[in-house]
1. To the nearest 0.05, what FRET efficiency results for A:Gln246 and B:Asp132 with a Förster distance of 45 Å applied to their C-beta separation?
2. Enter the mean number of other protein chain beta carbons within 10 Å of the beta carbon of each residue in A:140-150, as an integer.
3. For chain A, rounded, prolate or oblate, judged on the Cα gyration tensor with a ≥ b ≥ c (square roots of eigenvalues), a/c < 1.5 rounded, else prolate if a/b > b/c?
4. Can you bin segment B:32-188 into rounded, prolate or oblate? Criterion: square roots of the alpha carbon gyration tensor eigenvalues sorted a ≥ b ≥ c, rounded for a/c under 1.5, prolate for a/b above b/c, oblate for the rest.
5. For B:Leu302 and B:Val229, calculate 0.36 nm times their separation in residues minus their Cα-Cα distance, and state this gained length in nm to one decimal.
6. Where in chain A is the longest stretch that carries no chymotrypsin sites (Phe, Trp or Tyr not before Pro) classed as loop by DSSP and with at most 15 other Cβ atoms within 10 Å?
7. At 222 nm, what value in deg cm²/dmol follows for chain B if DSSP H runs of at least 4 each add -39500 (n - 2.57) and the sum is divided by all its residues, to the nearest 500?
8. In which sequence would B:Ile303, B:Ile157 go, from the one with the fewest C-beta neighbours within 10 Å to the one with the most?
Amino acid sequence: MSSTTVPRVRGQAADVPKVPHKVPPARIVLYVFLIAASVLWLFPLLWAVFNSFRDYGYTQAHGYASFGGFTIQNYVNAWQQGDFGQHFLNSVIITVPSVVLALFLASMVAFVVARFNFKFNLALLGLFTAANLLPPQALLIPLFRLFKAIQVPYWFSYSGTLLDSYWALIIVNTAFQTGFCAFVLSNYMKTLPYELYEAAQVDGLSVFKQYWQITLPLCRPALAALAVLEITWIYNEFFWATVLLQSGDKFPITSSLNNLKGQFFTDYNLLSAGSVLVALPVLVVFFALQKQFVSGLTLGATKG
Amino acid sequence: MSSPDLPLVAPQTAHPAPTAGSHHGTGKNQRVKRLSGFDRIAVILMVAIPTLIVVGLIWLPAISSVFLSFTNWNGIGSLADVKIIGVENYTNVFTNYPPFKPAIEHNLIWLVVMFVVATPLGILFAVLIDKDLKGSRFYQTALYLPVVLSLALVGFIWQLMYSRDQGLINAVLGTQVDFYGDPKWNLWAALFATCWKQVGYVMLLYLAGLKGVDASLKEAAQMDGANQVQTFFRIVFPVMRPINIIVLVITVIESLRAFDLVWVINQGRNGLELIATLVTANIVGEASRIGFGSALATIMLLISLVFISIYLAVVMREEER
């Protein structure tokens, strides 16, 4: 690996297939290694996609390590048997308000922490950040009992309590993610020039307007990155949905797969199709907003 | 850098420290005093509402778990009937609860594998991709694609590899191993699938860190005759100390919280016991041993608080800089 001091000549490799004296062997090893690793990493996903398009009867007869028997019937069956329409809708009902609320609450705290220099700033930020890192299982019992004890009207949740309602998941996801978002946003807001606020103060802008009209618009990149990240996280959330929901028809798509395991158990083509369907929304979000996703992850990490 | 689509450390490098520090002057308290009554209320509400939510839904329940762990509550009847029984639940956890020991062992194995397999592999990929190779975007995307999938889904996708009768591994090797069902194998199968996801995450964090390392440091080291491996371990790695500590803490906490994948496989039984699944099984299952489950939860809480404190100490120090 010490041979990279030899400059790589572009185009050389393309003109003449074999120019070992131009491309150092270490580089070739490196390329082979990375390409092999990438293929290995993509393989389980590609395998799922491949098999999702194959007929159950065909794979039974020829084994899974065969080629042929292509069909889209698995997707039709998975969608219908798994009631995917309802479960995707559940995911949207839970994810969208959670992300919006978490970002809204977090941005307010972050603004105060970044804008003013109160004594409790660090402690407050610590309180929020640490909350995000607690193991959810450690809060399970009290939250479970609390949600069970809170009676709500039936129009609000037809289980009659917060337990087994979308609200329970929205509330829990919001509370958990506010901590992470507050931390990231406060870091971001601290990089905004303070002169902005001095000017705003001269103009007589209230604190809330400074937050709403100046800070939030400037934080758009960070908010976008966080939103993408939070969408994937809350969409993927499994634990709270599993323990706080009891009626199968309310499960978001991620945890409903577990519910459907029985139906999908023997038919691996159906299981593949179901998995691909569940993965599809996050993959679409990911490929469309890759930049935001990655910067969101590292926004929190490089600074802390 | 190799990938223009990754503005990884943009906020950090674009705004050097002085900007952040410039409003930490002495005039600060004066400014706070100048707040009008309306502004004061606004500030209080902006802090109070989110704080109430996080304290009420996270910190109070956490404290309640600690309290419940000293009681004999079985979840039935009102809280008034609850008797405080001291450390009996803890004694039972340690002496009279067979799944506890394997769960601790499995959590530790989980942690060790994440440290000795997933983390170094992630760092290695980050270093290689950072070398500005052709097609680095492809390698990068391929390696971190699993990061966006849920662990529950990872469990399902790997089932297609692992299944005894229909899985690819057995088909290729001509074997009949039940990877998810056999307690000899299932922990390793779960760990393999988890690593598949974790490596990309670690890689991403280190890629961000590497792009933040001053290139002149590396050049200087190489001028002094250090080879690339030496440069990395003696210069680059130590400079990335904050990232190292963050990855360390995240790895510990995620290993402790490991739940989804195992729950999907078999709800954490038969060779896959983890502390998180024991807590859940004790509460959600038929038994509903609240006090006992709370003792397990409190043990989890205490372990994670140690590492959360380390994390906070590090990031808050960065913060003050």
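Computed from the coordinates by the stated procedures, all read-outs in this text should not be read as laboratory data. These numbers were taken from a predicted model, which means no experiment stands behind them. When we count neighbours, we look across all protein chains shown, and the Cβ atoms used for this are built from the backbone with ideal geometry, even at glycine.
1. According to the calculation, E is roughly 0.25.
2. 6
3. Oblate, because a/c is 1.5 or more while a/b does not exceed b/c.
4. Verdict is oblate for segment B:32-188.
5. Separation in residues times 0.36 nm, less the Cα-Cα distance, equals 22.5 nm.
6. In chain A, the maximal stretch lacking such sites is A:159-264.
7. Per the formula, -19500 deg cm²/dmol.
8. B:Ile303, B:Ile157
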